Amino acid sequence: MEGIIGRKLGMTQIPTEDGSITVVTVIEAGPCYVLQGKTVEKDGYNAIKVAFGEVPKKRLSKPLLGELVKALGDGRETYPAQKITEFKVEDPSKFKPGQAIKVTDVFEENEFVDVTGISKGKGFQGVMKRWGFHGGPKSHGSKFHRAPGSIGQTTDPGRVWKGKKMAGHMGNRRVTVLNLQVVKIYPDKNLILVKGAVPGANGSIVILRKTKRPKPNKPVVSALGSKKKEENKK
Amino acid sequence: MKDHIIREIESEFMRKDIPDFKAGDTVRVYIRIKEMKENPKTKKVEERVRLQPFEGVVIRRRGSGLQETFTVRKVTQGIGIEKIFPIHSPVIERIDVIRRGKVRRSRIYYIRERRGKAARIKELR
């Protein structure tokens with residue numbers, strides 16, 4: 001399995017084994033339910049379709065409900081349908097429709113993950129906030145404060161370059177944060193603590209995946225008490 | 001307001017062995033300090049844990065839950081030193097309350113402007 005869908009609950013800080021404190025995001029990850037397998041023969045790639053986040057039955061469209069009933073059975077009050085996505089897998093036949101995927105099936109502590117979410121919307125923002133332009137002097141007779149300044153040259157090229165950084169809508173887009181460490185997992189509560197910040201507001205849906213850009217030498221922090229557990233295992 | 005699940009996680013890391021104290025009290029905080037030291041017999045560099053006491057007056061407690069901190073002030077050779085400790089820090093070995101002070105506010109910043117006899121705090125009876 002490549003990843004799991006979860007819900008961002010909020011942030012806090014926890015003490016670590018070396019006596020310092022680390023900032024973590026608490027994510028309710030899974031359980032996700034398998035809806036469908038995708039195979040090379042039929043679809044051209046191997047993946048599974050998974051769903052997360054309970055939604056009342058009456059809020060679902062009939063086509064979607066039909067798909068959910070097929071995988072999870074009839075007679076439920078709510079169906080997981082808040083977020084439906086696909087994850088690449090080696091062998092889709094290992095997963096049966098209706099099967100639950102838990103955090104522990106996917107991640108281990110001290111592993112690194114990429115987290116994708118929808119960032120908080122900031123509305124229509126000027127160039128200083130949106131792109132970090134420096135702006136002008138606030139006083140000393142200056143009449144140039146937060147404006148973008150010149151946006152181009154003269155007759156040649158005679159137009160504004162495509163992609164020019166200007167004011168506009170900021171936030172509310174898909175953002176992925178790479179290489180966040182899994183600090184702790186609570187299997188019975190379906191919770192995962194990830195080091196650092198994650199895009200989106202509290203309560204929003206995030207997708208956790210095994211990192212695509214591993215950094216082998218990245219230092220690992222261990223939450224207080226986690227070392228003892230490892231010793232017990234030995 | 002914080003999510004109850006987050007509060008549950010925080011409570012797991014909170015320490016229950018911290019004595020009750022407030023601003024104006026004199027405390028001694030024992031801090032665990034890890035240091036690398038050469039053992040004279042074996043000539044090996046070993047990690048050693050040593051306890052460093054820090055004694056002074058608590059001038060404030062702020063925050064709540066796992067994030068709560070307190071500030072301890074002492075005057076050494078005429079120079080005031082203040083240290084801020086997270087109250088649930090695992091670095092703290094223990095906290096001894098030496099004296100209960102009688103003060104009328106929760107943050108006794110005015111003590112910073114006092115020197116010598118004026119900086120005394122009455123003991124609570």
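The values are calculated or read from the model by the stated rules, or taken from the named source; none is laboratory data. Computed from a predicted structure; not experimentally measured. Every residue, glycine as well, gets a Cβ built from its backbone with ideal geometry; the counts of neighbours run over all protein chains shown. Quick note on the areas: whole protein, heavy atoms, side chains included, nothing else; ligands and nucleic acids left out. Shrake-Rupley method; radii C 1.70, N 1.55, O 1.52, S 1.80 Å.
Quick one: in the stretch B:2-18, which of the residues that are acidic (Asp, Glu) and in contact (Cβ under 8 Å) with a residue 12 or more places away in the chain is nearest to the other protein chains (Cβ to nearest Cβ)? Going through the qualifying residues, I end up with B:GLU10.
Candidates are the residues of the stretch A:1-48 that are among the charged types (D, E, K, R) and in contact (Cβ under 8 Å) with a residue 24 or more places away in the chain; the one that is most open to solvent (accessible area, probe 1.4 Å) is A:ASP18. The residue of the stretch B:46-66 that is surrounded by the most Cβ atoms within 10 Å (Cβ to Cβ), among those that are touching a helix residue (DSSP H, G or I) at 6+ places or on another chain (Cβ under 8 Å) and either within 13 Å of another protein chain (Cβ to nearest Cβ) or small (Gly, Ala, Ser) (or both), is B:LEU66. Against the numbered list (1) assigned to a strand (DSSP E or B); (2) out of contact with any Phe, Trp or Tyr (no Cβ under 9 Å at 6 or more places or on another chain); (3) not charged (D, E, K, R), B:PHE70 comes up short only at (2). Across the stretch B:87-109, not a single residue is classified as without any contact (Cβ under 8 Å) to a residue 60 or more places away in the chain, surrounded by 13 or more Cβ atoms within 10 Å (Cβ to Cβ) and not in a loop (DSSP other than H, G, I, E, B). Restricting attention to the stretch A:1-39, the residues that are more than 14 Å from A:PHE52 (Cα to Cα) and either facing another protein chain (nearest Cβ under 10 Å) or in a strand (DSSP E or B) (or both) total 20. A search for C-beta distances below 6 Å between a residue of the stretch A:184-204 that is at negative phi and assigned to a loop (DSSP other than H, G, I, E, B) and any residue that is among the hydrophobic types (A, V, I, L, M, F, W, C) and open to solvent by less than 20 Å² (accessible area, probe 1.4 Å), counting only pairs 6+ apart in sequence or on different chains, returns A:VAL198/A:VAL115; A:VAL198/A:VAL206.
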